[in-house]
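Peer 1: Provided herewith is a single structure, encoded as structure tokens, for subsequent inquiry.
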There are 2 protein chains.
Amino acid sequence: MPAPASSSPVPADFPATTASALIAAHGGRVTRTRVAVIEALQGAAHPLSHDEVGVALTDAGIAHDRVTLYRALEWLVDKDIAQRIAASERAWRFEIRRGGEHRHAHFHCDRCGQVLCLEDVPSDSKPALPAGFELDRSELVLHGACADCGRRGLKMEAR
Amino acid sequence: MPAPASSSPVPADFPATTASALIAAHGGRVTRTRVAVIEALQGAAHPLSHDEVGVALTDAGIAHDRVTLYRALEWLVDKDIAQRIAASERAWRFEIRRGGEHRHAHFHCDRCGQVLCLEDVPSDSKPALPAGFELDRSELVLHGACADCGRRGLKMEAR
DNA sequence: AGTTTTGATGCAACATTGTAGCATTTGAAA
DNA sequence: TTTCAAATGCTACAATGTTGCATCAAAACT
Ligand SMILES: [Mn+2]
Ligand SMILES: [Mn+2]
Ligand SMILES: [Zn+2]
Ligand SMILES: [Zn+2]
């Protein structure tokens, strides 16, 4: 089912939801890679690592290069379409930033390394900072053991 | 002023403060490297990267190997003498864990990469987690621009 | 003080994660 | 269709950690 071909300039401030609309709205070129990356992030139930996105692209039959993928993700973050999460593993994780949604905390299982979105735990503390400091955003990451891993049991299946 | 030489078994549960006492209290061997690392962390005004600790050791005239340093830091974290902070730079940072102190948040300047301890911003939220999850600790990192960098001005002197 | 034990170190090699430079391709505007 | 900057795909490279293993030395034991 081919969508109405071409035209229809996207209203730039309307919360676009399709990948191509999002890209175009930010003045970027709509490429297969970018579209696929966005769709991978949109379809994910939790923040994806660079590598996981890569797998998703492969699964979708989209050839891709490691570097291109890094650059695509970087661009998305830059445009605020996606955000990076440093959950204390070595690798960053990425998730789509749905318009209007407020920031939420994440849970990092120190056992299996999984990262979970805690949609209803806000991450927006705005404490008083030393003079001259300007706050951009706050990132709250909880650490512990996920249900699958259970607190008791072995130690350290992953950092 | 040489401390009373030798002897005096350290009361293992008293909050030891000297490096050697800390190490011994955790059943580790008191080595020059470990002592120097702890003292570097204790003397630091902010969390140090592996590399910064290395410089401190060099300054203190302590020869050291990259790997040994990593392992020393790992051991300290393992024993809960120090803690790791993932402030979203590539490299971890380490800080001493002073007994009884509650966890505090950190500020990461997205401009210059500096990390600052926000001693009076607690980082101890204990929100409700999905069933089966167990919380160990929570890490709160604020992002923005430090006073030196100022919000306005150039972009991206460091990630 | 000498011996022994085993934790800690040093070195080399490797792994992971991300960047930079540059020639080539391609999206999309003209 | 043509044009041309933006994206891509290499290839190198940088930064940060890790593994294996032979050697050293802290501290316990005699
Ligand atoms: Mn999330
Ligand atoms: Mn701190
Ligand atoms: Zn887990
Ligand atoms: Zn700064």
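The values are calculated or read from the model by the stated rules, or taken from the named source; none is laboratory data. Owing to the predicted nature of the structure, the values given are computational and were not obtained by experimental measurement. Using ideal geometry, Cβ is built from the backbone for each residue, glycine included, and neighbour counts are taken over all protein chains shown.
Peer 1: Looking only at the range A:121-150, which residues are more than 7 Å from every other protein chain (Cβ to nearest Cβ) and within 17 Å of the chain's Cα centre (by Cα)?
Peer 2: The answer is A:PRO122, A:SER123.
Peer 1: Could you pull out the residue among B:ASP110, B:ASP80, B:ASP124 that is of a type in the set (Asp, Glu) and closer than 23 Å to B:VAL35 by Cβ?
Peer 2: B:ASP80
Peer 1: Sticking with this one: Would you tally the residues in the range B:87-99 being among the acidic types (Asp, Glu) and surrounded by fewer than 18 Cβ atoms within 10 Å (Cβ to Cβ)?
Peer 2: Total meeting the criteria: 1.
Peer 1: If you don't mind, another one. List, please: which pairs have Cβ atoms under 6 Å, are six or more places apart or on different chains, and start with a residue in the range B:46-73 that is touching a residue at least 40 places away in the same chain (Cβ under 8 Å) and end with one that is part of a loop (DSSP other than H, G, I, E, B)?
Peer 2: Sorted first by the residue in the range B:46-73, then by its partner, the pairs are B:SER49/B:ALA91.
Peer 1: Also: Could you tell me whether the range B:92-100 includes any residue that is under 17 Å from B:THR18 (Cβ atoms) and in contact with a Leu (Cβ under 6 Å, 6 or more places away or on another chain)?
Peer 2: Yes, because at least one residue in the range B:92-100 is under 17 Å from B:THR18 (Cβ atoms) and in contact with a Leu (Cβ under 6 Å, 6 or more places away or on another chain).
Peer 1: Of all residues in the range A:100-125, count the ones that are small (Gly, Ala, Ser), away from DNA strand C (no atom under 16 Å from the Cβ) and surrounded by 13 or more Cβ atoms within 10 Å (Cβ to Cβ).
Peer 2: 3
Peer 1: Residues being within 14 Å of DNA strand D (Cβ to nearest atom) and either crowded, with 17+ Cβ neighbours inside 10 Å or part of a helix (DSSP H, G or I) (or both): count how many of those fall in the range A:42-61.
Peer 2: Residues in the range A:42-61 being within 14 Å of DNA strand D (Cβ to nearest atom) and either crowded, with 17+ Cβ neighbours inside 10 Å or part of a helix (DSSP H, G or I) (or both): 5 in total.
Peer 1: Starting from the range A:93-120, take each residue that is at positive phi and list its partners that are surrounded by fewer than 15 Cβ atoms within 10 Å (Cβ to Cβ) and not basic (Lys, Arg), counting only C-beta distances under 7 angstrom and pairs at least six apart or across chains.
Peer 2: A:GLY100/A:PRO15; A:GLY113/A:ALA158
Peer 1: Another question about this same structure. Of the residues in the range B:42-85, how many are more than 13 Å from DNA strand C (Cβ to nearest atom), over 22 Å from A:ARG90 (Cα atoms) and not acidic (Asp, Glu)?
Peer 2: Number of matching residues: 7.
Peer 1: Looking at B:ALA44, B:ALA56, B:ALA72, B:ALA105, which one is more than 13 Å from chain A (Cβ to nearest Cβ), within 30 Å of A:LEU135 (Cα to Cα) and at pLDDT 95 or above?
Peer 2: Being more than 13 Å from chain A (Cβ to nearest Cβ), within 30 Å of A:LEU135 (Cα to Cα) and at pLDDT 95 or above holds for just one of B:ALA44, B:ALA56, B:ALA72, B:ALA105, which is B:ALA44.
Peer 1: Any residue that is away from ligand 1 (no atom under 16 Å from the Cβ) and hydrophobic (A, V, I, L, M, F, W, C) - is there at least one of those in the range A:84-92?
Peer 2: Here is the first cut: in the range A:84-92, the ones away from ligand 1 (no atom under 16 Å from the Cβ) are A:90.
Pick out the ones that are also hydrophobic (A, V, I, L, M, F, W, C) and you get none.
Within the range A:84-92, none of the residues are away from ligand 1 (no atom under 16 Å from the Cβ) and hydrophobic (A, V, I, L, M, F, W, C).
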